[in-house]
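Notes to accompany the following structure.
The values are calculated or read from the model by the stated rules, or taken from the named source; none is laboratory data. Everything quoted here is computed from the prediction, not taken from an experiment. Using ideal geometry, Cβ is built from the backbone for each residue, glycine included, and neighbour counts are taken over all protein chains shown. Accessible surface is based on the protein model in full, side chains and every heavy atom, while ligands, DNA and RNA are left aside. Shrake-Rupley method; radii C 1.70, N 1.55, O 1.52, S 1.80 Å.
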Amino acid sequence: MFHGLPAGQEDPIIALMLAFRGDTRPGKVDLGVGIYRDSEGATPVMSAVRKAEQHLAETQETKAYTALTGDPAFADALRKLTLGDAASADRIAFAGTPGGSGALRQAYELIARTAPDATVWLPDPSWPNHMAVLDYLQRPTRTYRYAAPEGELDRDAFFEDLASIPRGDVVLLHGCCHNPTGIDPAPEDWTRIAEILSQTGAVPLIDLAYQGFGTGLTEDAAGLRHLAKTLPEMLLCISCSKTFGLYRDRAGLLLALAANDADRTTLQSQLTLLNRNAFSFPPDHAGRLVSTVLADPVLKAEWEAELTAMRTRIRTLRDTFTAELRRLTNSDRFDRIASQNGMFSRLPLEPEAIRALREDHGIYLIGDGRMNVSGLTDETIPRVARAIAETTV
Ligand code: LMR
């Protein structure tokens, strides 16, 4: 049965993560996989999450099944965190999922059931797994223009492509902190996005994995909240991997916004069925940590302070790194990094330079030039900037 089975295709991000682990050189620098790192290069359990974990260990009385769509308190807490009061609960169906990837997968499955001919449009570029899963599911896909080579939103091209997407198709948008470019629409761009989608009837699918890493928890959600207010339907895939540092524990949520309560009821039954067919019950532990943190004002404040510290650190790294690159290359070609958002930027480097950084300097970037800015430290910035300057002369 298994003889002759072709090898599965490697994911470029996960392959690089493993290559980094296998590299025995001292001083290697991991700017690959999207995991927040502190100034020591570590990814500690967030302290508010640790306290919630202790509280849960002491008070949890059972691990009996919850519901097929997970703990409603988790869904409710994340709905408020992401959507605020932009959409009333009676418009929203939900499904707890294993991480944000699980939410995306269930969103794609839902689209396949409800609109089998709908094409899903992805930004060019996007997180590679967006397309990989759609390809795996043999779903129709297209890309829309998004990032200009200079590291800014290619506004005219983006809006032109967006306006061409027909009614019933689905447009995947990154809620904030675009992965891999760090390029986000400005507030007035979100207004325009909402206008265009209102006119065309295409449905937005928002991937939100970095709320709070860009400008702030509220600011980073403002665009998607505007869409939720303006448009009758929307899908929102939420990851708690980065925002609560719960990577391996897998906490995610799919919210499906319907035009009315009757549609919501049907949607809810479909999401319940999709979960049952895929894995029955979603993981509960990490989601319960999130709802515990968000329900307790003291823990919530502590978590927000930790998230703010992460965001601030990334902003400072962006500024320092950009200044160093400007000084060493005597050019402004890397300046955009300073104003981009979140964990990632994509460096304008040739594949040969990216290979040389890895092989000659032990500096790991994804093959398309994406770097995890938080992987830098004050200590490594001069060395990384120097290596980049050397490879680009
Ligand atoms: C990333 O983009 O590096 C992360 O979301 C990890 C992953 O699963 O690819």
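Side notes on the structure shown:
- Tabulated pairs, the stretch 370-393, first within 23 Å of Ala147 (Cβ to Cβ), second open to solvent by less than 40 Å² (accessible area, probe 1.4 Å) and among the small types (Gly, Ala, Ser), C-beta under 7 angstrom, 6+ apart or interchain: Met371/Ser345; Asn372/Gly32; Asn372/Gly34; Val373/Ser345; Thr391/Ala353; Thr391/Ala356; Thr392/Ala353
- Among (1) in a loop (DSSP other than H, G, I, E, B); (2) over 19 Å from Arg370 (Cβ atoms); (3) of a type in the set (Gly, Ala, Ser), the one test that Ala157 misses: (1)
- Residues satisfying the stated conditions in the stretch 33-86, i.e. more than 26 Å from Gly375 (Cα to Cα), part of a helix (DSSP H, G or I) and touching a Gly at 6+ places or on another chain (Cβ under 7 Å): Phe74, Ala75
Residue-by-condition table, conditions (1) buried (at least 16 other Cβ atoms within 10 Å of the Cβ); (2) of a type in the set (Lys, Arg):
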residue	(1), (2)
Arg139	yes, yes
Ala147	yes, no
Arg155	no, yes
His174	yes, no
His178	yes, no
Gly182	yes, no
Ser198	no, no
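- Subset of the stretch 66-98 (residues that are hydroxyl-bearing (Ser, Thr, Tyr) and under 23 Å from Lys229 (Cα atoms)): Thr82, Ser88
- All positions within the stretch 1-15 that are within 16 Å of the ligand (Cβ to nearest atom) and open to solvent by 20 Å² or more (accessible area, probe 1.4 Å): Gly8, Gln9, Glu10, Asp11, Pro12, Ile14, Ala15
- Of residues in the stretch 56-102 being among the hydroxyl-bearing types (Ser, Thr, Tyr) and open to solvent by 40 Å² or more (accessible area, probe 1.4 Å), the one farthest from Pro232 (Cα to Cα): Thr59
- Only residues that are over 23 Å from Leu365 (Cα atoms) and part of a helix (DSSP H, G or I) were counted across the stretch 128-154, and they come to 3.
- Only one of Ile354, Ile366 that is open to solvent by less than 60 Å² (accessible area, probe 1.4 Å), within 16 Å of the ligand (Cβ to nearest atom), under 26 Å from Thr24 (Cβ atoms) and not in a loop (DSSP other than H, G, I, E, B): Ile354
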